[in-house]
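Read the structure below first, then the notes.
The values are calculated or read from the model by the stated rules, or taken from the named source; none is laboratory data. For clarity, every value in this text was computed on a predicted model and none was experimentally measured. Here the Cβ positions follow ideal geometry from the backbone for every residue, glycine too, while neighbour counts run over all protein chains shown.
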Amino acid sequence: MLPEELLQHIAKGDKDAFRQLYELFKARVYNTCLSYLQNASDAEEATQDVFVEIHHAAAKYQGNAGAATWIYRITVNKCLDRLRYNNRQKRFSFLTSIFNRDTGVLMHDTPTFEHPGVKAENREQSVMLFQAIRQLPENQQTAFILKQIEGLSQKEIANIMGLGEKAVESLLQRAKANLRKILSDYYKSGEG
Amino acid sequence: MKRKTFNGQTEDILNSMDGATRAVPSDALFRLIEQRVAIPYTKGKTISLGTLSAAAASVAILIMLNLTLLSKKQDAMPSGDARSVVEYYGILDNGEITGL
């Protein structure tokens, strides 16, 4: 059954269709969430949010966009919401206590992230890449993650982000330029 | 030469996710999603920007009114009251209070 048909069945309360759609999209949704949030537990929570939203909004799915585009759109929005929430928490941590009362460990500290699917020889570089991605503006982050990590085409990204293909191309160029700058600053600080 | 090496390293970092496999969530995740889906759905009530602005404006007006009233009350308070108390009571060198 096609994902679009599965969504129609989910809207009618078909639990089996929901399970099938989950199996079809769980890796895509979770991998995208992991790339944004860079934390397995946050990514699992965001994946839950995405599928709960899919279940509740299936009846509203119009079919104007493909099911994958619709699901990616929900995923990106949920991840950005969670990122904003995490950033707010970090900001307010200076007003409240920044240390965990029980362990004394610094809270809201972002540890280095190793993607579980990366090739062993690229592990070190990918850690630096994810650190740099965190510093990009939201729309550049989205374009870069969907292109470079999810491997989507510019047309698919344009549909997900509601932009033209040219705009996506420009976003990708700016994202790469910014990443190069962030990485060169990182090297300079390492040399100094 | 060093510059070229650095550029090469940067490009390697940018392309470090090439050939990576997708991460998969834990097997228990679907059960958690099913549990959440089973709970009756209540979408959070959203407050419009207009309502929020009106509420913020009301609070600002209330604060300004309070400050104005407080400053007026302070101006109207006879300063003699405070001075007369000071003049009436006094503390001697030995710590005794006079005027009681």
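Scanning for something modelled with pLDDT under 95, more than 16 Å from A:LEU34 (Cβ to Cβ), of a type outside the set (A, V, I, L, M, F, W, C) and not assigned by TED's automatic domain parsing to the domain that holds A:ASN86, does the stretch A:149-156 turn up at least one residue? No, there is no match, as no residue in the stretch A:149-156 is modelled with pLDDT under 95, more than 16 Å from A:LEU34 (Cβ to Cβ), of a type outside the set (A, V, I, L, M, F, W, C) and not assigned by TED's automatic domain parsing to the domain that holds A:ASN86. Checking each residue in the stretch A:125-139 for being in contact with an Asp or Glu (Cβ under 9 Å, 6 or more places away or on another chain) and more than 8 Å from every other protein chain (Cβ to nearest Cβ) picks out A:VAL127, A:PHE130.
Within the stretch A:119-136, which residues are more than 23 Å from A:ALA177 (Cβ to Cβ) and of a type outside the set (Asp, Glu)? Scanning the stretch A:119-136 gives A:LYS119, A:ALA120, A:ARG123.
Taking the stretch A:113-192 as the region of interest, the helices (runs of 4 or more DSSP H) fully inside it that hold 3 or more residues being among the hydroxyl-bearing types (Ser, Thr, Tyr) are A:165-191. Within the stretch B:5-34, if we keep just the residues that are small (Gly, Ala, Ser) and surrounded by 14 or more Cβ atoms within 10 Å (Cβ to Cβ), the residue that is farthest from A:LYS181 (Cα to Cα) turns out to be B:ALA23. In this structure, A:LEU179 does not satisfy being over 16 Å from A:LEU34 (Cα atoms), at pLDDT below 95, outside the structural domain of A:ASP42 (by TED's automatic domain parsing) and hydrophobic (A, V, I, L, M, F, W, C).
Going through (1) surrounded by fewer than 16 Cβ atoms within 10 Å (Cβ to Cβ); (2) touching a Leu at 6+ places or on another chain (Cβ under 7 Å) one by one, A:SER41 falls short only on (2).
Suppose we keep only residues that are within 15 Å of A:GLU5 (Cβ to Cβ) and surrounded by fewer than 21 Cβ atoms within 10 Å (Cβ to Cβ) within the stretch A:45-64. Which one would you say is farthest from the other protein chains (Cβ to nearest Cβ)? The residue in question is A:GLY63.
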